[in-house]
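Before any comments, here is the structure.
Since every read-out is calculated from the coordinates, none of them should be taken as a lab result. Computed from a prediction, not measured in an experiment: that's the story for all the values here. No Cβ is skipped: glycine too gets one built from the backbone with ideal geometry, and neighbour counts run over all protein chains shown.
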């Protein structure tokens, strides 16, 4: 295991390299700095880096070509653009085509750039023991449900304020994650944390370009016909979302926030990836929790969501910080397992009930109420 995450910064402006060097001096990262894309390629071929940060406009080879080369030859490397380009469609195409995972503007905010580096470092910490980055680094886009494709076809093209689009996103975690990821990358200052905000961050043209990928590529649609297990899991995942929303109301006596609704939809994305990318995972013992957490972190999702993805089956882990949310999702997942006759064995639901100040008799009532509302 490597002791430090290795980062390469590439920019032909040496004052930029000096500024980043000063900014990251006290961070526990191994940083190298080069002023040429060709030098960067040579450095990668000698000893690949974990993260690359590069400018777009450079004299010998532009950053797009460099990052495309890195993507094709070193897919486990996290790719960040640091550029003065502010054209929304230019940035949109970079992210949509997976040339880069993240985009930062010049002049940059030191705290935000350091935060991004720490998130990417964290993603690799989650993944490094099982080499998950080899898997998540090769994934550009997750496939959607066939019914989602039908709804896209029936409503295409969509407007920015189309309520039908919001409804479609609320019922397909892969498509929701795609929209959130791209919208986050377009707004480095104020990242949208809900689906409605993500839609508002995109133009009508951008929204429909995202959807065109699914309309034009049948490989981006899940094959539900040949996998009964996948059909069962999809139903399980959608029920989980509804249970979380209703259980939150019962435990906290208020409606769940839009931010937490998004977490309810996306926290188990790693399980969906397990079904779709089973060939990549055959020779590796990779848990769906770590797989989901790694890709959510790589794509810049909120820390609460990443924590729920990682610990929803291990809620008592000492690294858990948002116990209210992780315990809520863990308990919801347990209840859902009962409803589907696949009860999670050894789960300490009593400890979570005690944390929320509930009795066992309350739990029986909760299960009866939820089963009637969610499963019927």
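The table below gives the values:
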read-out	value
Likely footprinting exposure, 349, 299, fewest C-beta neighbours within 10 Å first	349, 299
Max mean-square fluctuation residue, GNM over the chain, Cα-Cα springs under 10 Å, options 150, 57, 241	150
In degrees, nearest ten, helix 288-298 long axis to first principal axis of the chain (Cα)	40 degrees
Label corresponding to Kirkwood radius over Cα pairs in Å when calculated from the structure given, among (i) 24.0; (ii) 21.9; (iii) 23.4	(ii)
Shape category assigned to the range 6-130 from the gyration tensor of Cα positions, a/c cut at 1.5	rounded
0 to 90° range, to nearest 10: angle between helix 323-339 axis and the chain longest Cα axis	50 degrees
Fraction of beta bridges assigned by DSSP in the range 6-130 that are antiparallel (%, nearest 5)	0 percent
Rounded to 10°, Cα long-axis angle of helix 37-46 versus longest principal axis of the chain	70 degrees
C-alpha center-to-center spacing [the range 309-352, the range 213-262] in angstrom	17 Å
Global form of the range 227-342, assessed from the alpha-carbon gyration tensor, a/c cut-off 1.5	oblate
Ranked 276, 360, 289, criterion: other C-beta atoms within 10 Å, fewest first	360, 276, 289
Of 154, 193, 361, the one that fluctuates the most in a GNM where the chain has Cα springs shorter than 10 Å	361
